[in-house]
1. Could you tell me how many degrees, from 0 to 90 and to the nearest 10, lie between the Cα long axis of helix 140-158 and the main elongation axis, the longest principal axis, of the Cα atoms of the chain?
2. Provide the solvent-accessible area of THR87, counting protein heavy atoms only and rolling a 1.4 Å probe, rounded to the nearest 10 Å².
3. Please list MET1, MET154, MET42 from largest to smallest accessible area, probe radius 1.4 Å, with all protein chains kept in place.
4. What is the extension gain from GLN96 to ASP210, computed as 0.36 nm multiplied by their sequence separation minus the C-alpha to C-alpha distance, in nm to one decimal?
5. Is there a quick way to get the dipole size of the chain? I mean about its Cα centre, with the Cβ of Lys and Arg at +1 and of Asp and Glu at -1; what is the value in debye to the nearest 20?
6. Just the number please: accessible area per residue for the range 89-231, 1.4 Å probe, all protein chains included, in Å².
7. Considering only C-alpha atoms, what is the centroid distance from the range 167-231 to the range 44-116, in Å?
8. Using a/c under 1.5 as the rounded threshold, could you call the range 1-57 rounded, prolate or oblate? The axes a ≥ b ≥ c are square roots of the C-alpha gyration tensor eigenvalues, and prolate needs a/b larger than b/c, oblate otherwise.
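The values are calculated or read from the model by the stated rules, or taken from the named source; none is laboratory data. Because the structure is a prediction, the values reported are computed rather than measured. All Cβ positions, even for glycine, are placed from backbone atoms using ideal geometry, and neighbour counts span all protein chains on display. Each accessible area value is taken on the protein alone, full model and side chains, heavy atoms only, with ligands, DNA and RNA left out. Shrake-Rupley method; radii C 1.70, N 1.55, O 1.52, S 1.80 Å.
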Amino acid sequence: MGAERDALAARVFPRLEQLCAARGARFQAIDLRWGISPEAGMDQQTVRLCLAEIHRCQALSPRPNFIVLLGDKYGWRPLPATIPADTFTELSARVQSNEDRSFLNAWYRRDDNAVPADYVLQSRRVPDVPRDGGQAPVDPQAWWVATEEKLRRMLGEAGADVDTSITEHEILAGALDPDLPDAEEHVFVFVRRLVDLPDDSRARGFRDLDADDRPNVLAGARLRSLKERLR
């Protein structure tokens, strides 16, 4: 949706700013795909910050306060940033091997300052790689993708919900929350469907693909369900 968002920022939002200013009001657009700093991403704060922005918009602007742009991609499925301590203990007990359990416990650390206590996903950190010994430098992005996928697999096999995308988290908060009884009156949803998208790497960026560049079946099913609920 990069082209659509660029067009909104360049052509639509300035006109809305002028329209509001002429009537003594102020218009401000918050794009949840822009403005998250690399540091916040490293600290696993992306989902928390996005949801906080939604709640801030709902508090400051009763209506309208949320627009959905939804295409053919379900999107990134973030790991849970925190897990209640009791739930984490149950999940950890279901992990099969001691090695995997140690890996999980290295990434989720108990926080007793929270009431009740929970386990917090740690900041991303690339392990030190010796300068000699013939080892290639670690690619931070590739390393984190592999680490995240391993954690997702372990948590999923243990019974945790790790398949909700950040887009769905945002839509649940901004449009489908049961505490928003009048959402259909002021939340706008725009669904774009690209016809004849290929089922291979040429569609990367426009649909969810597996590691072998085939369409991700789970993501496709979740996206269809989300669109139906929005309708």
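1. For helix 140-158, the angle is close to 80 degrees.
2. Result for THR87: roughly 60 Å² accessible.
3. MET42, MET1, MET154
4. This chain segment gains 38.6 nm when fully extended.
5. 700 debye
6. Numbers: 9230 Å² over 143 residues.
Dividing the accessible area of the range 89-231 by its residue count gives 65 Å².
7. The range 167-231 and the range 44-116 have Cα centres spaced 19 Å from each other.
8. Details: a/c = 3.48, a/b = 1.75, b/c = 1.99.
It is oblate, given that a/c is not under 1.5 and a/b is not larger than b/c.
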